[in-house]
Amino acid sequence: MDKLLIEGGARLSGEIAISGAKNAALPILCAALLTTEPVTFTNVPRLNDIATLLRLLEQMGVKVSREADVVTLDASGVDNPVASYEMVKTMRASILVLGPLVARFGEARVSLPGGCAIGARPVDQHIKGLQAMGADVKVEHGYVHAKVPKLKGARIFTDMVTVTGTENLMMAACLADGETVIENAAREPEVVDLANCLVAMGARISGAGGDVIRIQGVAALHSATHRVMPDRIETGTYLCAAAVTGGDVRLTGTSASYLDAVIDKLMDAGCDITTERDAIRLKAPQRLNAVSLRTAPYPAFPTDMQAQFMAINAVAEGTAVIRETIFENRFMHAVELQRLGADIKIDGNTAFVKGVARLHGATVMATDLRASASLIIAGLVAEGETTIERIYHLDRGYEKLESKLAALGAKVRRLS
Ligand code: UD1
């Protein structure tokens, strides 16, 4: 298994381009299942999660062609509306095929994702929404089996804000009879990007980006071309990496407008940030101030940036209180950061991080995607060498990670 070796101490500076957003690309690629016409997507990042989803779509009969960041999907020949456990277990987002399959074929069998490192993560809201739209849904032998002659528009109120739940139900509603209203909808920019793609394909959607989304079902969707939005979490991760090293970087192909909560915290930490229409420049002080935060659905502080901020707080001046409200088990990076010398105490869903003057390189283990990012950030400032094991998690979500870090002057290499 690959490892990443980081020699700490280099100050990051320079310019890199941000890739397309993984969490936007995943639902958007699934949207191709809704039509018999080919759909083309640009700015699709080259990541293991995307490759996994494309394999799953191929298994169903979708014709996939990819050249650089352009992916064209033709779902006219889909003959197998099934997502097997073997695929779904490696990537929970595979559940995003459920809504489109039921909408177009009136039937789908999708494996339950099962547990994952950051918590139980059930899909009950996805199921509840499809049932409200008239589907007969059974959970048997580890699979969700949904069947319906034709979905009907419905009023759906999700018990909590769920990103992929909102996306699944929005896609399903595109081909339903009549109007669907999703209340308590996720407002994440990735939901808006998916809605824009669906509208380009002929869907009738209003309200995406707010907490009530209305979808008027149409008879069929058609061919379209859509550019995937920039990855706001990748952007935030590189901002943190630059900030912790006292760096000065410019990130292009991205936008600060999706990152208000994160940029606000980085400015509180002492960074100077200037934004252009599609670029962000960050200049960091010698040492950051500690910044407390609480994760919550968009537009509040994203749970996917919590681990990275724990890493920057580990070496900041002062003590930060970090509260995680989305996932019940998302502090596994804390013990690994402690191995590097961080002073972190956990009490339930709250972490108390007292900044230390220096971290020291050690061997640590990545436990999930964003936890891995926090270990890289810590490794960049730790004295000596940090070895990060199990970096396959990083390959799921960060395109060209080492080359982007190296372009900014980090001393990093991969050992196979
Ligand atoms: C998405 C993101 C993930 C991010 C998360 C929260 C993708 C592919 N992944 O994950 O990176 O960390 O949003 O911003 O976009 N829940 C239920 N029942 C459900 C659905 C969700 O109880 O049916 C709970 C979850 O366990 C969790 C919370 O709701 O506690 C939010 O989860 P959700 O927004 O659904 O996360 P994902 O969409 O899986």
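Which one is surrounded by the fewest Cβ atoms within 10 Å (Cβ to Cβ), of the residues in the stretch 1-25 that are part of a helix (DSSP H, G or I) and not polar (S, T, N, Q)? Show your work before the answer.
Here is the first cut: in the stretch 1-25, the ones part of a helix (DSSP H, G or I) are 22-25.
Still in the running and not polar (S, T, N, Q): 22, 24-25.
Values: Lys22: 26, Ala24: 29, Ala25: 28.
Within the stretch 1-25, the match that is surrounded by the fewest Cβ atoms within 10 Å (Cβ to Cβ) is Lys22.
So that you can scan it fast, the table gives a plain yes or no per residue for (1) at pLDDT below 95; (2) part of a loop (DSSP other than H, G, I, E, B):
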| site | (1), (2) |
| --- | --- |
| Ala31 | no, no |
| Val44 | no, yes |
| Asp49 | yes, no |
| Arg55 | no, no |
| Glu58 | no, no |
| Ser65 | no, no |
| Val71 | no, no |
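The combined condition, being within 13 Å of the ligand (Cβ to nearest atom), touching a residue at least 60 places away in the same chain (Cβ under 8 Å), open to solvent by 30 Å² or more (accessible area, probe 1.4 Å) and within 27 Å of Ala224 (Cα to Cα), is not fulfilled by Arg104. Given (1) without any contact (Cβ under 8 Å) to a residue 60 or more places away in the chain; (2) part of a loop (DSSP other than H, G, I, E, B); (3) surrounded by fewer than 16 Cβ atoms within 10 Å (Cβ to Cβ), where does His222 come up short, assuming only one miss? The number of the failed condition is (1). Counting only helices (runs of 4 or more DSSP H) that sit wholly inside the stretch 307-410, those with at least 3 residues that are open to solvent by less than 10 Å² (accessible area, probe 1.4 Å) and of a type outside the set (S, T, N, Q) are 332-339, 369-381. For the stretch 37-49, a residue qualifies if it is more than 15 Å from Glu234 (Cα to Cα) and open to solvent by less than 20 Å² (accessible area, probe 1.4 Å), and the qualifying residues are Val39, Phe41. For Asp74, the stated conditions do not hold, so it cannot be described as in contact with a Gly (Cβ under 7 Å, 6 or more places away or on another chain) and open to solvent by 10 Å² or more (accessible area, probe 1.4 Å).
So that you can scan it fast, the table gives a plain yes or no per residue for (1) in contact with a strand residue (DSSP E or B) (Cβ under 6 Å, 6 or more places away or on another chain); (2) of a type in the set (Ser, Thr, Tyr); (3) over 19 Å from Ala10 (Cβ atoms):
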{"site": "Ser374", "(1), (2), (3)": "no, yes, no"}
{"site": "Gly379", "(1), (2), (3)": "yes, no, no"}
{"site": "His393", "(1), (2), (3)": "no, no, yes"}
{"site": "Lys400", "(1), (2), (3)": "no, no, no"}
{"site": "Ala407", "(1), (2), (3)": "yes, no, no"}
{"site": "Lys411", "(1), (2), (3)": "yes, no, no"}
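Residue check: is Glu336 more than 16 Å from the ligand (Cβ to nearest atom) and either at pLDDT 95 or above or under 30 Å from Ile50 (Cα atoms) (or both)? It is true that Glu336 is more than 16 Å from the ligand (Cβ to nearest atom) and either at pLDDT 95 or above or under 30 Å from Ile50 (Cα atoms) (or both).
The values are calculated or read from the model by the stated rules, or taken from the named source; none is laboratory data. Everything numeric in this text was worked out from a predicted model, so none of it was measured. Methodologically, a virtual Cβ is constructed for each residue, glycine included, from the backbone with ideal geometry; neighbour enumeration extends over all protein chains shown. In case anyone asks, the SASA skips ligands and DNA or RNA and just uses the protein heavy atoms, side chains included. Shrake-Rupley method; radii C 1.70, N 1.55, O 1.52, S 1.80 Å.
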